[in-house]
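Right, one structure below, let's go through it.
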Amino acid sequence: MLQDQEVHAAELERTFIAVKPDGVQRGLISEIISRFERKGYKLVGIKVVVPSKEFAGKHYHALKEKPFFNGLSEFLSSGPVVAMVWEGEGVITYGRKLIGATDPQKSEPGTIRGDLAVVVGRNIIHGSDGPETAKDEINLWFKPEELVSFTSNAEKWIYGVN
Ligand code: UDP
């Protein structure tokens, strides 16, 4: 029973993942979704948006003192972004592992950036870097009614709970 409760609590962990304009333009949306889906994570929100530069600046507010902040905000607002919320045990930390290091030159092969990107300014995907950021980013990009809660048939096979 305790195990059931633990799994239930873990399932509520959510992270914000976005395919950036370069990933969208390069036709990598399904590839990226597929890596999270095949791992066993659950998609609970998704939309295609072209964020304004101001919105992009809000998303990257923690980096506003960095020299690349302006170019980064401009780039994120330069075209469609696929904004998503993924749910599952350890999804925040493990999502970052699936994504790989910020600089694709340093990302391991097998990671999304390692396999699919070459330079840091065009690294195709964003993923929240911790629980607080995940909460803030989900709230920034999604209204509560745009997210769903459901139990998938696969969960008992992914988590081993009946
Ligand atoms: N970035 C960049 N130049 C740099 C470092 C970062 O253009 O020298 C961009 C890059 O697209 C990165 C984003 O800024 O994904 C956010 O940087 P952060 O350090 O938060 O990396 P992330 O969490 O995306 O791995």
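The values are calculated or read from the model by the stated rules, or taken from the named source; none is laboratory data. The model shown is predicted, which means the values in this text are computed figures rather than measured ones. Every residue, glycine as well, gets a Cβ built from its backbone with ideal geometry; the counts of neighbours run over all protein chains shown. Accessible surface is based on the protein model in full, side chains and every heavy atom, while ligands, DNA and RNA are left aside. Shrake-Rupley method; radii C 1.70, N 1.55, O 1.52, S 1.80 Å.
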Check: Can you name every residue in segment 109-138 that is under 21 Å from Gly90 (Cβ atoms) and either open to solvent by 100 Å² or more (accessible area, probe 1.4 Å) or assigned to a loop (DSSP other than H, G, I, E, B) (or both)?
Finding: Gly110, Thr111, Ser128, Asp129, Gly130, Glu132, Lys135
Notebook entry, point to check: How many of the residues in segment 108-162 are closer than 22 Å to Phe69 by Cβ and small (Gly, Ala, Ser)?
Noted result: 6
Next item on the list: Could you tell me whether Glu65 is free of Cβ contacts under 8 Å to residues at least 12 places away in the same chain, farther than 27 Å from Pro144 by Cβ and touching a helix residue (DSSP H, G or I) at 6+ places or on another chain (Cβ under 6 Å)?
Entry: no
Check: Taking segment 139-149 on its own, how many of its residues are in contact (Cβ under 8 Å) with a residue 24 or more places away in the chain and open to solvent by 30 Å² or more (accessible area, probe 1.4 Å)?
Finding: 5
Next item on the list: Hand me the list of helices (runs of 4 or more DSSP H) wholly inside segment 7-101 holding 3 or more residues that are within 16 Å of the ligand (Cβ to nearest atom) and open to solvent by less than 10 Å² (accessible area, probe 1.4 Å).
Entry: 91-99
